[in-house]
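The following block contains the structure, expressed as structure tokens.
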Amino acid sequence: MNVVSVIIITALALVLAYLAYRVGYKQRNLSVTKAIPKIGASVKIDKTRISLMALDSHSSRLKVEWAEKHILELYLMFRNFSETDFYTISVEENPEKRTQSLRVDMNLAALNFETSALIIGDALHNLRSALDHLYYEVVLTCGGKPSNWTRFPISDSREGLETNFIKSALKQKQITAAVADFILNTIKPYEAGNLALWGLHQLNILDKHEVIVPVLKLVGFFGVRLEDENGQMVGATDYIADESCTIPISGTYGKKIKLKNKGRASTNVIFDVGASIFAGQTVYPSLKWVAEEVTRTIKAFEILLA
């Protein structure tokens, strides 16, 4: 066998190896599956049935980042107020009963509830908008055509979600069957499936029609020290109040009580009645919870449509 024959045989072998690799590559591509992050149920979906291109979630993440800045601004506003000298504590004597009471007076003027209401509204709008931006890109990624009414589907129930949103999106070929199944059975954006997203939707609707003004509830006073005429500590060290009030001090009959330390305060700002599932819930942790769920939802779609 001469040199030319060896070169020809080697070249043919390389060509055959390359063709075999390409065939195997195509076969492997047809069976690619991708695990979906566990938001609801964890599922595997054939990637070749999902989308035509990778998802662009940049604008959604920008919206979440902006919402988180508003949420942090609220936290700092509430914390800074707690650290101000917004309250006074004094001891009041009841001559008839020969007992003592703790008098708490609070000045809430430094806590601007109207400003905090506007910040809450901005945070809610940006979080809801992040989801809408996400779904718009999902439609494009699936090869669909968004409309003026394209928005992230959220409903009161699974049946309503499927009937009012999913079936229509499938009929208009805005999303694939795999994406529809992912929304229904993994994201579950309805009251019984994903309370955070459903609650966000409800609050955002409320904020479009009225200002969501938070209220101050259960202010805690910690490290209060009261002493009798012998220097013995009496009463409790921690107290809770909703507003300016008088609190009876136990074990003070016939004693002279002096306030030695008025302690420190911790405020609890909550959503007022009417704020859907968030009524009575502390504002800052609730908004953080919703922002985290929106971020998880974006991440889930990023992985699904990578």
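Condition first: under 18 Å from residue 75 (Cα atoms) and not in a loop (DSSP other than H, G, I, E, B). Can you find one or more residues in segment 240-256 that meet it?
Checked against the condition, which is being under 18 Å from residue 75 (Cα atoms) and not in a loop (DSSP other than H, G, I, E, B), segment 240-256 yields no hits at all.
Residues are listed down the side, and each one gets a yes or a no for (1) modelled with pLDDT under 90; (2) in a helix (DSSP H, G or I); (3) of a type outside the set (Val, Ile, Thr):
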{"position": "204", "(1), (2), (3)": "no, yes, yes"}
{"position": "221", "(1), (2), (3)": "no, no, yes"}
{"position": "273", "(1), (2), (3)": "yes, no, no"}
{"position": "285", "(1), (2), (3)": "no, yes, yes"}
{"position": "292", "(1), (2), (3)": "no, yes, yes"}
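Let me ask you something else. Please work out if residue 98 is in contact with a Gly (Cβ under 7 Å, 6 or more places away or on another chain) and farther than 30 Å from residue 294 by Cβ.
yes
Cβ contacts < 6 Å: first residue among the charged types (D, E, K, R), restricted to segment 98-126; second residue surrounded by 19 or more Cβ atoms within 10 Å (Cβ to Cβ), any location; separation 6+ or different chain. Result?
If the second residue must be surrounded by 19 or more Cβ atoms within 10 Å (Cβ to Cβ), the pairs left are 122/70.
Is one or more of the residues making up segment 75-82 of a type outside the set (S, T, N, Q), in a strand (DSSP E or B), touching a strand residue (DSSP E or B) at 6+ places or on another chain (Cβ under 6 Å) and at pLDDT 90 or above?
No, there is no match, as no residue in segment 75-82 is of a type outside the set (S, T, N, Q), in a strand (DSSP E or B), touching a strand residue (DSSP E or B) at 6+ places or on another chain (Cβ under 6 Å) and at pLDDT 90 or above.
Follow-up question, since we're still on this one. Search segment 94-117 for residues being of a type outside the set (Lys, Arg), surrounded by 14 or more Cβ atoms within 10 Å (Cβ to Cβ) and closer than 18 Å to residue 251 by Cβ, and hand back the single one that is nearest to the chain's Cα centre (by Cα).
Selected residue: 102.
Another question, if that's okay. What do you reckon, is residue 163 buried (at least 18 other Cβ atoms within 10 Å of the Cβ), without any contact (Cβ under 8 Å) to a residue 40 or more places away in the chain and of a type in the set (S, T, N, Q)?
No; evaluated as a whole, the condition is false for this residue.
Out of curiosity, is residue 277 surrounded by 14 or more Cβ atoms within 10 Å (Cβ to Cβ), at pLDDT below 95, assigned to a helix (DSSP H, G or I) and among the aliphatic types (A, V, I, L, M)?
yes
Then there's this: For segment 183-194, which positions are buried (at least 18 other Cβ atoms within 10 Å of the Cβ), part of a helix (DSSP H, G or I) and in contact (Cβ under 8 Å) with a residue 40 or more places away in the chain?
186, 187
The values are calculated or read from the model by the stated rules, or taken from the named source; none is laboratory data. Keep in mind that this is a model prediction, so the values were computed, not measured. Neighbour counts are summed over all protein chains in view; Cβ atoms, including those assigned to glycine, are modelled from backbone coordinates with ideal geometry.
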